[in-house]
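Here is the structure we will look at.
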Amino acid sequence: MKEVLAYIETKKQEFAKCEFIKFLQDKSIPPKQRLAFAPCFAPFVMGFGELNQYVWRDEPTNDPIQAIINQHTHEDDNHWIWFLEDCTKLGLDVSSTFTDVIRFLWSKEVKVSRQTFYEIYRCTYKAAPVHKLVVIEAIEAIADIFLSTTAHVGKELELVSGVEYKYFGMHHFSIDANHSMDSSQTEEFIANIQLEKDVEKEALELVDEMFDLFSKFVDVLVNYAKTYKFKNSSSHEYAMQAIR
């Protein structure tokens, strides 16, 4: 597994240079606007909780790899609650009809968000534990870049608004950084998993698939964030940001 993990690290460093991450790091843009991709992100976030509960988790198990996955899913499947809280704090709870919300969630604008979830589902449903683990490791690498970057955006916004952002702020990043999968004992176990050549080839292909999938996804997110217009945005908030 060491070769697969090294490849994930290489792909992670490449992902860190993508336009979306650069956009999140751009302090010339108000922090709230940098998080304006949130509505487009919603189908993926909500679907991710279900991936943990209904696709990746398999209990009870005697498989040590599946046991690691199960523990991880219990730690990770309720983060959507923080996301919904942050959406409220961002002022996204504008008045809309139920049918308007349904139309949006199944609109072309958020198609890639839905499809990202579907593709992960396709790759991991009924998959062997080692394949699920590789997908999770790749996604966690992407999440590390994403959350370490949004944590700074959330902190900037907190300084302006006085409101803590749990999903996009330091809270989520800190929780993710302390998953049981990140313990030295578990990391050593995963690194020492022996893969047959054909399984290693499949694992590397899965890594490529995940990073390609998320690269396309974040391209959509950054374009959405650039054009999204908040309703009832505080002019004071933007004025304060301009001074910084």
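The values are calculated or read from the model by the stated rules, or taken from the named source; none is laboratory data. Quantities reported herein were computed from a predicted structural model and do not represent experimental measurements. Here the Cβ positions follow ideal geometry from the backbone for every residue, glycine too, while neighbour counts run over all protein chains shown. In case anyone asks, the SASA skips ligands and DNA or RNA and just uses the protein heavy atoms, side chains included. Shrake-Rupley method; radii C 1.70, N 1.55, O 1.52, S 1.80 Å.
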Total residues in region 81-116, condition closer than 12 Å to Cys40 by Cα, assigned to a loop (DSSP other than H, G, I, E, B) and not hydroxyl-bearing (Ser, Thr, Tyr): 2
Conditions (1) closer than 19 Å to Asp198 by Cα; (2) surrounded by fewer than 20 Cβ atoms within 10 Å (Cβ to Cβ); (3) touching a Phe, Trp or Tyr at 6+ places or on another chain (Cβ under 9 Å); (4) among the charged types (D, E, K, R); number of the one not met by Lys132: (2)
Matching helices (runs of 4 or more DSSP H) fully within region 156-244 where at least 2 residues are surrounded by fewer than 14 Cβ atoms within 10 Å (Cβ to Cβ) and at pLDDT 95 or above: 184-191, 197-227
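Yes/no matrix, rows are residues, columns are (1) closer than 23 Å to Phe214 by Cβ; (2) crowded, with 18+ Cβ neighbours inside 10 Å; (3) at pLDDT 95 or above; (4) in contact with a His (Cβ under 8 Å, 6 or more places away or on another chain):
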residue	(1), (2), (3), (4)
Trp82	yes, yes, yes, yes
Asp86	yes, yes, yes, no
Asp93	no, no, no, no
Thr99	no, no, yes, no
Ser107	yes, no, yes, no
Lys111	yes, no, yes, no
Gln115	yes, no, yes, no
Every pair of residues 6+ apart whose Cβ atoms lie under 8 Å, when the first sits in region 132-150 and is of a type in the set (Asp, Glu) and modelled with pLDDT of 95 or more while the second is outside any helix (DSSP H, G or I) and open to solvent by less than 20 Å² (accessible area, probe 1.4 Å): Glu140/His179
Residue within region 89-106 that is farther than 30 Å from Glu196 by Cα and basic (Lys, Arg) present: yes
Thr73 open to solvent by less than 30 Å² (accessible area, probe 1.4 Å), of a type in the set (Ser, Thr, Tyr), under 30 Å from Ile193 (Cα atoms) and free of Cβ contacts under 8 Å to residues at least 60 places away in the same chain: yes
